[in-house]
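Participant: If you scroll down you'll find the structure; I have some questions about it.
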Amino acid sequence: MVQCMTYPTDTHGVPGYRFVKPTRNGVWGVWVSENNSFDRDEWNRKKEAAQQAKQVQIANVMPLKKRDEYYRNLLAQGSLSERDKADLEKRGIKDLSIAISLGYGYVLPFKGLGGSYVGAQVRLTGENIEGGRYRWHDLPGGKQYPGTDEMPIAVFKVENPTAISLVEGTGVKPLIASERLKAITIGAAGGNFSSSPTQLKAVIEAFPGLPVVIVPDAGDVVNTQVANRIQRQVEYLRSIDVEPSILWWGQTTKNDNDIDELTREEFTGARSLSWDEFSALLPGNELKQRPDESERDRLLRLRKFRFAGYWKDLKRDFQLSQSIEGVDQIEYEGYCPTLDPYWDTIAVQGWLGTGKTETIIRSLKPFQDKAIVWVAPNNGLNRQTAMRAYRHGFQTFHYQDDVTMNRIALNSAAPGIYFMCPDSFKEYAVGEVDWSQVVLVMDEFSGIRKDIHTKVSELPQISKAIENCGSLITADAFLSDVDLELIQSLRGHQIGLYRQEAAKSRKSIKWIETRNAQGDTSFSHQGVYLDLLGQWADEIAAGTIQRIAIAVDSILTAKVIRNFLQSKGVRTWLACSETPEENSRFMPNPDETIIGSQAQAIVYTPTAKSGLDIQASFDRGLLISCGVLCPTEMLQMMGRCRQCGEWFVSAPRHTATAITPSLNGQKVKQWGEVIRSTFADLEYNAPYCLQVSGLWENLTSDITKAFGSEYLQSLCEEYFASVESIEVSSGSKTKWDSFVDSIKFQDAENILKASLESGYRLIDAQKQPHKNSQVWDVKLATLHGKYPALIERMVKDGSHTAIDFCKLLTSSRITKLKNWIIAEDCHLDDDENLLERLKNRVTTYNSGAFKARQNITLYRELKLIALVSLSERKPDNAISDQTAFNMRSPVICGMWQQFQANAALRKLFPLVETIDQFWKTICNCMKAFGFQSVSKKAREKTSEARPNGTFRGVQRYTNSRTSYFIGWIYMDCSGNNFFKQNYQIVVGAIRDNIIVERADRKAKKEGQSPVIERVSTIESMLDQAFPNREAGKDTGQIENSSRLPLAV
């Protein structure tokens, strides 16, 4: 019989041995030889002989006094090699007298509770050491602590200790921990404290009243064997009436830092967990349903647990480290100081409302004879900044107002500030600019950085501008390590960083939660807004409050709120992309507009997400995150209203699937290298310096989609001193849906009544709409360019059918449907076009074209259409492992094997390393193509009892667990009734569009003019859908247009 710590379970087979059982403590596995039968009598005789030998050894061990003398003499007579000195200094040790070299490593004697040396361990040097780097130092008579069969433990004392900490090891790690934690620190080899109970109890009793803290190493939480060891420590401590806590700084994986390696940020952010909180992090425990816990609450806890695994590394996306290589730092309090404009590269970090924009304008005065390009996320936001710059004596130009004239001026480096947005950085617009003569200012840089990796037409010129500009100034409240790394990769200059000393905002945050009809925490908040805002409207009418602000990242939600507030008699101002006339008044001077219009409510969308300074006072605000913007940008939106001391925050939860396995910096760099190599092999246009940052954007956006609510809540807790969760009424979803339907109907009507000619003029001139009506003109022209035959019938008809078609064609599902048709068609021209885009345009892992390549290839190679087998959206029709699947389903396991065997496919998905990630990738692929899914849950048998509801108020347990399955509906059977009834028309219109695009590409390749003639294969179906061809408005503008005649 063999007890093996390496293989404590039968997960791995051991040749020649058969697994019997794990030991009671779960640390060892009991194995027997397959060839020899087990002789229990012989085993008992050997066991008794070993115990007798052990007693003899205990009697012969060196007493404490002689042991202390032995190690003092050893240290006095020895010395340290240069190699060992360097290793100790690297680990932070200043007193080098604590160790001596032995040739094969160095030995570190350690003291016990009484201050005498009680033992020593040797740290081996060299590479590829089997069995661990530490060994017990051989001591004459044996290593055990005198009078016991326990191995000695180390005790490191400090003055005025605040706690007793338990740290793995007996040398450098517990020594450094004692200094950092200001705690009496006990160290045990291998962390086996419970194997030395006599000594451990003596130390704890010697310092009564001090709390006991267990300090896990990095990766302990995911190591079942080590987790069991920690559990035994807790059980022993409880047996002597000590309730320990566990110190946690997010050290989930082996790649994270141990206690002796912590950064300043990690140390200050560490928190104490109870055993119950820590045990919830152990493998498998996060999935278990707790007694008296609903399934919904379990899922919410699971979401928080999974997001917490990303949180520490995710901070690199919006925070700065204390020390950054190649960066000179200047810290300031309060408002941003004047910048040194002669630094080549300047980065400014400061909280919202700390005067960053004003400071940059003032600091640019020495360069009034230079060309300055000021970039903000969108053109509308530049209006107010331009007005402020004008007051300081600068000439200002809005690039988009007259692209031709401003391009000529900028190419000649004419003095002034040219205000632009990233969309203006196309080759024809800025391709000839001599950036070495330009000062480039990028306001809200983090937001721009997140956005540019998907802008394949603009990314080359933006990168070129950052790399070659004479001077660069970047600013953002959430300026981060990732931002500076991107700047350094492009410029290679020393960066002058102005950073504000961290302090939490005093604004009050009310985090909104609500419940559904079943009493569970609701994922949706739609009805909440009308109920809450209705109360506020009543307070405005009563004069209790004067003005409110609503910031929302969905234009549809913004319009619903605008209409609702107006119906309640509240004077409401809306700033969004569909209100250019109002924006032209609001953006340059929002305070004057608010006061002049006597607005009682301001509703604003991402049109005003950054760069806007609103000083008018508000009694309270409502921030609504619908998942369009990332959480940091949502806080930017909230920060536009400087004088609003109380904000209610709503972040409905979404059910997107996160594939990102890790955000660990080392792993991201490794994956980045793999992607660089892959893109080079595929001959994609993939600049080396952009690949890691492009991968990072892909990973973080994946997390944001899946955990946007948890992300925003964590940000609020990070940056605000007061965050209180409140529960509000769920309100009326029916009333909400009524407002939504009304707005969608009105939007469709506006499009069908718009001017096609005006829309095409604006598109051809590449100009933004200046009038509200022009917004709808552009939308009509855009739709007509894609689906001319269908749009012309819709405009002529003007009926509810036309309205419904318009609502459908403007939905996000149409783009997904088009991608699916391309994937199904397997047309050589489409595939070559996609490949050309990847080779000719800048490509990163976050590029839309690369994602399309991934999804199309996965769909075709694995024949994912075989997973689609449902005709209705009814869970009862979903049969586990037949029409609905999870990662354990046989068909998915078979696809996983195909995936692993397909080298070309694996190359496109370097992050997919497990079947779990593979299954999530399939789900996301199907979603990207617009397949609707049906979810089903079922109970599966397990080896242990788990909570399974209650019976008459008493928790019930069964040997089963809940598993979730997903099935997909046939495309023509999904959607609402209108989509199903007109599926062939919609698909036909999309196919016509694809055919014309193919013809246009062919003509362009052959040097001919784009194809004017349009194709329509759906005329007969349109006759049935729109029988009254004479109805509706006069459409002569379409019929007489020579731009897009039809060929039927």
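Taken together, the values in this text are just the output of simple stated rules run on the coordinates, not laboratory data. Quick caveat: nothing in here was measured; it's all calculated off a predicted structure. Here Cβ is always computed from backbone atoms with ideal geometry, including for glycine, and neighbour counts include all displayed protein chains.
Participant: Of the peptides 816-826, 892-902, how do they stack up when ordered by the mean number of other Cβ atoms within 10 Å, highest first?
Facilitator: So the order, starting with the most tightly packed, is 816-826, 892-902.
Participant: In nm, to one decimal, how far is the modelled label at LYS182 from the one at HIS654, with both set 7 Å along Cα→Cβ?
Facilitator: Result: 4.5 nm between the two label points.
Participant: Go ahead and estimate [θ] at 222 nm for the chain from helices alone: -39,500 (n - 2.57) per DSSP H run with n ≥ 4, summed, over the residue count, rounded to 500.
Facilitator: -13000 deg cm²/dmol
Participant: Please state the charge dipole magnitude for the chain, taken about the Cα centre, from unit charges on C-beta atoms (+1 on K and R, -1 on D and E), reported in debye and rounded to the nearest 20.
Facilitator: Using only the charged Cβ atoms, the result is roughly 1660 debye.
Participant: Here's something else I'd like to know. What's the angle, to the nearest 10 degrees (0 to 90), between helix 172-181's Cα axis and the longest principal axis of the chain?
Facilitator: 60
Participant: Highest mean first, what order results for 242-253, 465-476 on Cβ atoms within 10 Å?
Facilitator: Output ranking for 242-253, 465-476: 465-476, 242-253.
Participant: Among the listed pairs LYS786/LYS936; LYS863/LYS937; LYS705/LYS744; LYS173/LYS304; LYS839/LYS1004, which are separated by more than 27 Å between their Cα atoms?
Facilitator: Exceeds cut-off: LYS786/LYS936; LYS173/LYS304.
Participant: Describe numerically, in nm with one decimal, the distance between label points set 7 Å from Cα along Cα→Cβ at ALA542 and at GLU683.
Facilitator: It works out to 7.3 nm between the two label points.
Participant: Suppose the chain between LEU835 and GLU432 were pulled fully straight at 0.36 nm per residue; how much longer would it get relative to their current alpha carbon spacing?
Facilitator: Between LEU835 and GLU432, full extension yields an extra 142.3 nm.
Participant: Grab the other residues whose beta carbon is less than 14 angstrom from that of GLN691, score K and R as +1, D and E as -1, and report the net.
Facilitator: -2
Participant: Report the calculated FRET efficiency for SER1009 and VAL674 (r = Cβ-Cβ distance, R0 = 35 Å), to the nearest 0.05.
Facilitator: 0.20
Participant: Through the Karplus equation 6.51 cos²θ - 1.76 cosθ + 1.60, θ set to phi - 60°, convert the phi angles of the stretch 243-255 into ³J(HN,Hα) values in whole Hz; use x for Gly and Pro.
Facilitator: With coefficients 6.51, -1.76 and 1.60, one gets 9, x, 10, 10, 7, 9, 10, x, 7, 6, 10, 5, 7 Hz.
Participant: Something else: Please report the net charge: other residues with Cβ closer than 11 Å to the Cβ of PHE745, K and R +1, D and E -1.
Facilitator: Net of charged neighbours comes to -2.
Participant: Hey, another quick one. Fewest to most neighbouring Cβ within 10 Å: what's the order for VAL987, VAL482?
Facilitator: VAL987, VAL482
Participant: Moving to a separate point now. Rank by packing, highest mean first: peptides 312-323, 144-155, 493-504, with packing defined as the count of other Cβ atoms within 10 Å averaged across residues.
Facilitator: In descending order of packing, they fall as 144-155, 312-323, 493-504.
Participant: Counting just the Cα atoms, what span does the chain cover along each of its three principal axes? Round to the nearest Å and put the largest first.
Facilitator: Cα spread of the chain along its principal axes, largest to smallest: 109, 70, 68 Å.
Participant: Further, regarding this structure: Quick one: VAL795, VAL912, fewest Cβ neighbours within 10 Å first, how do they rank?
Facilitator: VAL912, VAL795
Participant: Against the longest principal axis of the chain, how steep is helix 382-391, in degrees 0 to 90 to the nearest 10, with axes from Cα atoms?
Facilitator: It is inclined by approximately 90 degrees.
Participant: What distance in nm separates the two pseudo spin-label positions at PHE207 and SER963, each 7 Å out from Cα along the beta-carbon direction?
Facilitator: With each label point 7 Å from Cα toward Cβ, the separation is 4.9 nm.
Participant: Turning to a different aspect of this structure: So how much slack lies between GLU358 and ARG45, counting 0.36 nm per residue of separation and subtracting their Cα-Cα distance, in nm?
Facilitator: Separation in residues times 0.36 nm, less the Cα-Cα distance, equals 104.1 nm.
Participant: Using only Cα atoms, find the angle between the long axis of helix 800-809 and the longest principal axis of the chain, and express it within 0 to 90 degrees, rounded to the nearest 10.
Facilitator: So the helix axis and the longest Cα principal axis differ by about 40 degrees.
Participant: Can you give the local net charge around SER101? Use residues other than it whose beta-carbon is closer than 12 angstrom to its beta-carbon, Lys and Arg +1, Asp and Glu -1.
Facilitator: Around SER101, the charge tally is 0.
Participant: For the stretch 64-304, give the magnitude of the charge dipole about the Cα centre (Cβ charges: +1 Lys/Arg, -1 Asp/Glu; no others), in debye to the nearest 20.
Facilitator: 260
Participant: Tell me which residues come under 5 Å, amide H to amide H, from LEU622 once H is placed; ignore anything under 5 positions away on its chain.
Facilitator: Distant-sequence amide H within range of LEU622: ALA549, ILE550, ALA551, PHE648.
Participant: In addition: Among HIS800, HIS137, what is the fewest-to-most ranking by other Cβ atoms within 10 Å?
Facilitator: Arranged by neighbour count, lowest to highest, HIS800, HIS137 become HIS800, HIS137.
Participant: Also: Percent relative contact order of the chain, based on C-alpha pairs within less than 8 angstrom and at least six residues apart?
Facilitator: 8
Participant: Treating cross-link reach as a plain straight distance, find the lysines whose alpha-carbon is under 19 Å from the alpha-carbon of LYS767, omitting any fewer than eight places away in the same chain.
Facilitator: Within reach: LYS426, LYS455, LYS779.
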